[in-house]
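Trainee: Let me give you the structure first, and then I'll get to my questions.
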Amino acid sequence: MPMTYAQLVAAVTDYTQNTFETTTINTMIKQAEQRIYNTVQIANLRKNVTGVLSTGNKYLACPEDFLSTYSLAVYPYNATTATGTSSQKTIVVASTTGIAVGQQVTGSNIGTNAIVRSISGTTVTLTVANSGTVNGAVVFQGDYLYLLNKDVNFIREAYPLSAEVSEPKHYAIFGPQSANVNELSFILGPTPNANYYAELHYFYIPESIVTANTSWLGDNFDSALLYGTLSEAGTYMKSAPEDGMYKLYQERYVQAIALLKNLGDGKQRADAYRDGQIRVAVS
């Protein structure tokens, strides 16, 4: 049953038979949320964002709501201008620098799913005909390159010279690139040798139920949020570990997290045909 912020506060008040100040219970709820997000990887709380890497720049900023990486891929691109005749499979480009056979081509009146078939001088032959007259910007896109996650020390040691550029292969979480100490970034190795689009698939920290009134946890796994908050409340009230109710809240929280992990780390990450059914111990 979905649980809103007001319902969560009312439940905590009822369970503990204690009325907390708003700032206090808000802190408890946020601590419980953070504890859950740092414990379980939830597929519903993933995002895709794209960015641009320029030649010679090995740093990529993290999104503000970044929690952890799922995957990071880059693919080279080259933007230029081109002209072409409708229904023809050729275009004439201003520059062929970085253009290669097999790259995907996009642009106004470029045919859908057009691929470079051959290059002769500044004339590029495509696999599909132009849908109209081409006269403007076009983009040539290379294949996806999924980067391997490494420790930052590996990146520093393996690629010590930023001036040595090549196709990126690895990435690591790096510290702030500005005075903002909360700002994270990625460092890539080797330093990019061309312009690349970057696609980051990541787990994010959603807006708290405290400010949004509703949340994915409240709508789908209110038990984890409720017992997580009750656990924080027990700590706030200095309940002894052997206290019956505090111990019960902790046990219920662990049970709720186990079910959530079964969903996030099991059912949403496995293919029953390939991996078999998920097995859960029966107590």
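Trainee: Test Tyr5 against the criterion of being in contact (Cβ under 8 Å) with a residue 40 or more places away in the chain, aromatic (Phe, Trp, Tyr) and surrounded by fewer than 16 Cβ atoms within 10 Å (Cβ to Cβ), and give yes or no.
Mentor: no
Trainee: Moving on. I'd like to know if the range 212-234 contains one or more residues that are among the β-branched types (Val, Ile, Thr), outside the structural domain of Leu145 (by TED's automatic domain parsing) and under 24 Å from the mean Cα position of the chain (by Cα).
Mentor: First pass over the range 212-234, keeping only residues among the β-branched types (Val, Ile, Thr): 214, 229.
Right, trim to outside the structural domain of Leu145 (by TED's automatic domain parsing) and you get 214, 229.
Checking which are under 24 Å from the mean Cα position of the chain (by Cα) leaves us with 214.
Within the range 212-234 (the criterion being among the β-branched types (Val, Ile, Thr), outside the structural domain of Leu145 (by TED's automatic domain parsing) and under 24 Å from the mean Cα position of the chain (by Cα)), the answer is yes, since at least one residue qualifies.
Trainee: Starting from residues that are of a type in the set (Gly, Ala, Ser) and surrounded by 15 or more Cβ atoms within 10 Å (Cβ to Cβ), keep the ones in the range 118-146 and report whichever is modelled with the lowest pLDDT.
Mentor: Start the filter on the range 118-146 by keeping residues that are of a type in the set (Gly, Ala, Ser), which leaves 118, 120-121, 129, 131-132, 136-137, 142.
If we keep only those that are surrounded by 15 or more Cβ atoms within 10 Å (Cβ to Cβ) too, we end up with 129, 142.
Numbers: Ala129: 97, Gly142: 89.
Among them, the one singled out is Gly142.
Trainee: Does any residue in the range 35-59 that is of a type in the set (A, V, I, L, M) come within less than 6 Å, Cβ to Cβ, of a residue that is surrounded by fewer than 14 Cβ atoms within 10 Å (Cβ to Cβ) six or more places away or on a different chain, and which pairs are these?
Mentor: Close Cβ pairs (under 6 Å, with a partner that is surrounded by fewer than 14 Cβ atoms within 10 Å (Cβ to Cβ)) amount to Ala43/Gln268.
Trainee: Mind listing whichever residues of the range 16-29 are buried (at least 16 other Cβ atoms within 10 Å of the Cβ) and either part of a loop (DSSP other than H, G, I, E, B) or modelled with pLDDT under 95 (or both)? It would help to see each step written out before you state the result.
Mentor: Taking the range 16-29 first, the residues buried (at least 16 other Cβ atoms within 10 Å of the Cβ) are 16, 20, 25-26, 28-29.
Listed by number, the residues that qualify are Thr16, Phe20.
Trainee: For the range 246-258, indicate whether the set of residues that are modelled with pLDDT under 90, over 24 Å from Asn149 (Cα atoms), in the same structural domain as Thr39 (by TED's automatic domain parsing) and assigned to a loop (DSSP other than H, G, I, E, B) is non-empty.
Mentor: Taking every residue of the range 246-258 in turn, none turns out to be modelled with pLDDT under 90, over 24 Å from Asn149 (Cα atoms), in the same structural domain as Thr39 (by TED's automatic domain parsing) and assigned to a loop (DSSP other than H, G, I, E, B).
Trainee: Is it the case that the range 115-138 has a residue that's under 30 Å from Ala61 (Cα atoms) and in contact (Cβ under 8 Å) with a residue 24 or more places away in the chain? Before you say what the answer is, go through the steps one by one.
Mentor: Applying the first criterion (under 30 Å from Ala61 (Cα atoms)) to the range 115-138 yields 137-138.
Add one more test, that the residue is in contact (Cβ under 8 Å) with a residue 24 or more places away in the chain, and what stays is 137-138.
Checking the range 115-138: at least one residue is under 30 Å from Ala61 (Cα atoms) and in contact (Cβ under 8 Å) with a residue 24 or more places away in the chain.
Trainee: Still on this model: Kindly indicate the residue of the range 132-148 that is in a loop (DSSP other than H, G, I, E, B) and among the hydroxyl-bearing types (Ser, Thr, Tyr) and also nearest to Ala114 (Cα to Cα) among those meeting that condition. Break it down into steps so the answer makes sense when it comes.
Mentor: First, pick out the residues of the range 132-148 that are in a loop (DSSP other than H, G, I, E, B): 132-133, 142-144, 147.
Next cut, among the hydroxyl-bearing types (Ser, Thr, Tyr) only: 133, 144.
Details: Thr133: 15, Tyr144: 16 Å.
This residue is Thr133.
Trainee: Is it the case that Ala32 is of a type in the set (A, V, I, L, M) and buried (at least 19 other Cβ atoms within 10 Å of the Cβ)?
Mentor: Working: of a type in the set (A, V, I, L, M): yes; buried (at least 19 other Cβ atoms within 10 Å of the Cβ): yes.
Considered against the rule, which asks whether it is of a type in the set (A, V, I, L, M) and buried (at least 19 other Cβ atoms within 10 Å of the Cβ), Ala32 comes out as yes.
Trainee: Which is aliphatic (A, V, I, L, M), in contact (Cβ under 8 Å) with a residue 60 or more places away in the chain and under 24 Å from Leu53 (Cβ atoms), of Ala100, Ala79? Walk me through it before giving the result.
Mentor: Numbers: Ala100 fails: in contact (Cβ under 8 Å) with a residue 60 or more places away in the chain.
The match here is Ala79.
The values are calculated or read from the model by the stated rules, or taken from the named source; none is laboratory data. Just so we're clear, the structure is a prediction, and the values are computed from it rather than from any experiment. Neighbour counts are summed over all protein chains in view; Cβ atoms, including those assigned to glycine, are modelled from backbone coordinates with ideal geometry.
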